[in-house]
Structure formats: structure tokens, C-alpha cells
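What follows is a short report on a single structure.
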Amino acid sequence: MYEVTKESVFSLLKKLTEVVGPSGFEDAARDIVIEELKPYADSLWVDSLGNVIAVKRGSRGSGRLMLAGHMDEIGLIISFIDQRGFLRFQPIGGVSERVLLGQRVQIRTREGRVIRGVIGSKPPHIMKPEELKQVPEIKDMFIDVGAGSREEVEKMGVTVGSIAVFDRELTFLGGSTDVVTGKAIDDRVGVVATIEAFKAIDGNEVDVYAVATVQEEVGLKGARVAAYSISPNVALALDVTIASDVAGIPEQDWITQLGKGPAIKVVDGRAATGLIAHPAVRDKLIELAKQYGIPHQVEVAPGGTTDASAIALNKEGVPAATVSIPARYIHSPVEVIHLADLVNSAKLTAIFSSKITSEWVLAISKRVIK
Ligand code: ZN
């Protein structure tokens, strides 16, 4: 039986977070996912949007569980190259101006090579005092790739439509061997949890579909079409959630805490407009976590949502819930997680996938009254 360990999740997370793969351009992440899932899947395919779907057949052959972790990350897309070789860009997904300035970025060239650039703006020395207090807008920033002209940039293989992401390696914080920082942790941790859970599934009654989805950060798009083709009877999304258990934030605003285990979601989105987790699926996760001694926390998130929101509304509706990995500084180049939370998310997902019965799955998706 496959065992999920801190070492196994770290090495896969390192590989996955260090590739360039913003929404719609997930190719490099997809190649890794296919290699990882292939040996464990009864069948595996890539659909027209680029979702990777791997199936492990169940012993009973009725009931379909969908697991979804999104492969895409937030990023930038080059929109204009000026005569002197400076690149203007637009965001892909929820990129905040507040974290862009001073960043080093990786740009993918036409040939698939990765080159480096830096994000610059007007130097502070020549700003007016009131300008210094403001966060510059994206339109006032540019990427400098060290070129002297537009022609030189084009020779590097960079054109309008080329994509860029933060340039960060995954590494340990402080002297810790448990807390890691990097880019694209949202949501390559969910992809790692999905893959590791899929490897560790043991004796599943229901068919399990592991899906590495695309284009989550730009509107939950991959999950929507994958759910349509799979028609799951039950679904789990695996994604990061907010851990604001940091300096200066009062306890009631923490949402989740780093290192206290996967968070089982009750609701998310502003005023619960994201997902309202299906009560039977949510409670089954809590019950199994208690039964198997997996540390966990319960989460009510005041903003953001996950693929589960899109999957829940597929066709006649799908009982859906979310297993979240607490993360600090989401959508920044220094996202932080605790590896034990990732290991336990994968374990809880593997247990859920292995233990739910066909009867339970079919009973929660339709309650016939008469
Ligand atoms: Zn995410």
C-alpha cells in the first residue's frame, strides 16, 4: 500500500510549484501530473480544455467520486512590447498590484524555454510625496528583460501573448523541516493532495476520478466541463484556504491555523455565496477524520471559493465538499503551508475515497419520497 509522507509530498510539490503554468497555459504542470497518475490509473485522458482525468475503478462499479485540484496558477500575460524592449502586461487571475513591484518573473518563450525578467516602475527618488504613499497600478509597471529593443525581445522568443509567473523555488522557512514557502502553492498543493490520495486509495467500492483541473483562477472553468463529462455522484475539491493566524490579526479573523490539520469547509464566498458544502459529505469527512485520528479543523471562509462550487451545480446537482490546506499569503510569491497539513489532507481524501460505499453515495444524491 502506498504511504503518503512529508518527503513524498515535498518532492512532488517542489516539482509542481517550480514550473510555469498560469490559467490556460498549464502544459508543464500537466506533463508532471500525467506521469504521476499514469501508473495508478485504470484509464487516463486529457479533455479539450486540458483537464487531466484519471480513473480508478471501484469494486462495486456503481457510484462515481470526483476529486479536483487545480493545476493553474495566477500569472501575467504580455500585452505590449515597446520600441526599447520593455514589456507591458495584464493579470491572469487575482494578481494584486501590492505584491508585483520588485519581483523577479519567469517568462515562457515561444520555444518553451524560460527566461528571467524583473518588474519595474518609476524610481521612488523621482516620485512626488503623495505618489510614494500609493500602490502603483499595473498600467504603470513593466517587465525588464534586459533587452535594448523590441527586436531583441522578439529574438528571445517573447511576443504579445507570452505568459509570465513569479520566479520562486519551493524552500523551507527558517530552520524548519515542516513549513515551506514558494509560489503557486495555490493550488499545486491541491494537485499533490489529489495525486497522493489517488496513489494511496485502497479497496474503493466506488469509481474514483482524480482530476487536475485547468482555469480555476479565471472562473472555475476546467472543473465545470470535467464534471459534465464525469457526472459524479459526489465530489471533493482540494484547494488552499486562508490561514490569517499571523501577527496583528485577532483570533476571530484567523479562519484556519497553519499546522492544525486540513480544514473541512462549511461555507465559503462573500455571505456564503460560494459553496455551501453538502452536509452529508462534510459530516462524513469529519466522522472519518475523527475515526482515523487525522487532525482537522472546521472552516467558514468569508471570501474566495473553489472548484467544488462549479461541480456542485453540474446537471441535477452534485453533493460536494472541500478539503482545504491552510495557507498564508495566498496569491503572493511567498505562499506558506505546513507539510503535515498537506500529508493529512491527502490521507483524509484517500480514506474518504476508500471507505464510502456505493449505497451511501447513491442515497445522498437522491432521496426518493414517494
Ligand atoms: Zn486555488
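Select from segment 3-90 those GluC sites (Glu not before Pro) which occupy a DSSP coil region and have at most 11 other Cβ atoms within 10 Å, ordered by residue number.
Glu3
Projecting each Cα onto the charge dipole of the chain (Lys/Arg +1, Asp/Glu -1 at the beta carbon, about the Cα centre), which of Leu100, Ala277, Val153 comes out farthest on the positive side?
The listed residue farthest towards the positive side: Ala277.
Taking square-rooted eigenvalues a ≥ b ≥ c of the alpha carbon gyration tensor, is segment 231-275 rounded, prolate or oblate, where a/c under 1.5 means rounded and, failing that, a/b exceeding b/c means prolate?
Verdict is oblate for segment 231-275.
Under unit Cβ charges (Lys, Arg +1; Asp, Glu -1), what dipole magnitude, rounded to 20 debye, does the chain have relative to its Cα centre?
Charge dipole, the chain, about its Cα centre: 500 debye, nearest 20.
Could you list, in their original order, any pairs among Lys15/Lys284; Lys38/Lys155; Lys199/Lys284; Lys14/Lys284; Lys15/Lys260; Lys260/Lys366 whose Cα atoms are separated by more than 29 Å?
Beyond 29 Å between Cα atoms: Lys15/Lys284; Lys38/Lys155; Lys14/Lys284; Lys260/Lys366.
Let me know the Rg and Dmax you get for segment 75-166 when you use only its Cα atoms, in Å.
13.2, 44
Once you list every other residue whose beta carbon is under 13 Å from the beta carbon of Leu348, what net charge do they have if Lys and Arg are +1 and Asp and Glu are -1?
Taking every other residue near Leu348 into account, the sum is +3.
For segment 75-166, what does the accessible surface come to per residue with a 1.4 Å probe? Please give it in Å².
In whole numbers, segment 75-166 has 57 Å² accessible per residue.
Which FRET efficiency value, to the nearest 0.05, do you get for Glu154 and Leu132 by plugging their Cβ-Cβ distance into 1/(1 + (r/R0)^6) with R0 = 25 Å?
Computed FRET efficiency for Glu154 and Leu132: 0.10.
Two decimals is fine: what's Rg over Rh for the chain, C-alpha atoms, Kirkwood radius as Rh?
In the chain, Rg relative to Rh is 1.00.
Which order do you get for Glu251, Glu216 if you rank them by accessible area with a 1.4 Å probe, largest at the top?
Result, largest first: Glu251, Glu216.
Report the FRET efficiency, 1/(1 + (r/R0)^6), for Glu316 and Gln90, where r is their Cβ-Cβ distance and R0 is 56 Å, rounded to 0.05.
E between Glu316 and Gln90, to the nearest 0.05, is 0.90.
Against the longest alpha carbon principal axis of the chain, how many degrees, from 0 to 90 and to the nearest 10, is the axis of helix 185-200 turned?
Relative to the chain, helix 185-200 is tipped by roughly 30 degrees.
I'd like the antiparallel share, as a percent to the nearest 5, of DSSP beta bridges with both residues in the chain.
60 percent
Given segment 63-126, what whole percent of its Cα pairs are spread farther than 14 Å?
The answer is 71 percent, as a whole percent.
Relative contact order for the chain: what is it in percent, counting Cα pairs under 8 Å that are at least 6 residues apart?
23 percent
Put a dot 7 Å past each Cα toward the Cβ at Arg110 and Ser79; how far apart are the dots in nm?
Rounded to a tenth, the inter-label distance reads 2.3 nm.
Over the chain, with every protein chain in place, what whole percent of the accessible area is carbon and sulfur at 1.4 Å, could you tell me?
Carbon-and-sulfur percentage of accessible area, whole number: 53.
With a 10 Å cut-off between alpha carbons and a GNM built on the chain, which of Ala272, Ala193, Ala227 moves the most?
Most flexible of the set in this elastic network: Ala272.
At Tyr2 and Ser43, where each label point lies 7 Å from the Cα along Cα→Cβ, what is the point-to-point distance in nanometres?
Each label point is offset 7 Å from its Cα along the Cβ direction, giving 2.0 nm.
Once the Cα atoms of helix 339-355 and of the chain are each reduced to a long axis, what angle between those two axes, in degrees from 0 to 90 to the nearest 10, is obtained?
Once rounded, the angle reads 30 degrees.
Test of understanding: in a Gaussian network model of the chain with alpha carbons linked when under 10 Å, which of Glu111, Glu205, Glu287 would top the mean-square fluctuation ranking?
Glu111
Compute the acute angle (0 to 90°) between the alpha-carbon long axis of helix 27-37 and the principal axis of greatest extent of the alpha-carbon atoms of the chain; round to the nearest 10°.
30 degrees
Once the other residues with Cβ under 13 Å from the Cβ of Ile325 are scored (Lys, Arg +1; Asp, Glu -1), what is the net sum?
Here the count lands on -2.
Where is the GNM fluctuation largest for the chain (alpha-carbon springs, 10 angstrom cutoff): Ser48, Ser345, Ser23?
It is Ser48.
Lys and Arg at +1, Asp and Glu at -1: add these up for the other residues within a Cβ distance under 12 Å of Leu37 and post the number.
Combined, the nearby Lys, Arg, Asp and Glu give -1.
With viscosity set to 0.890 mPa s at 25 °C, what whole-number translational diffusion coefficient in µm²/s follows for segment 135-281 from Stokes-Einstein and a Kirkwood radius over Cα pairs?
Answer from the Stokes-Einstein relation: 125 µm²/s.
Could you order His70, His296 so the one with the most accessible surface comes first? Probe is 1.4 Å.
Putting His70, His296 in descending order of accessible area: His296, His70.
What size of dipole, in debye to the nearest 20, comes out for segment 1-115 about its Cα centre when the only charges are +1 on Lys and Arg C-beta atoms and -1 on Asp and Glu C-beta atoms?
Dipole size: approximately 80 debye.
The values are calculated or read from the model by the stated rules, or taken from the named source; none is laboratory data. Quick caveat: nothing in here was measured; it's all calculated off a predicted structure. Neighbour counts run over all protein chains shown; Cβ positions are idealised from the backbone, glycine included. We work out accessible area using only protein heavy atoms, side chains counted, and drop any ligands, DNA or RNA first. Shrake-Rupley method; radii C 1.70, N 1.55, O 1.52, S 1.80 Å.
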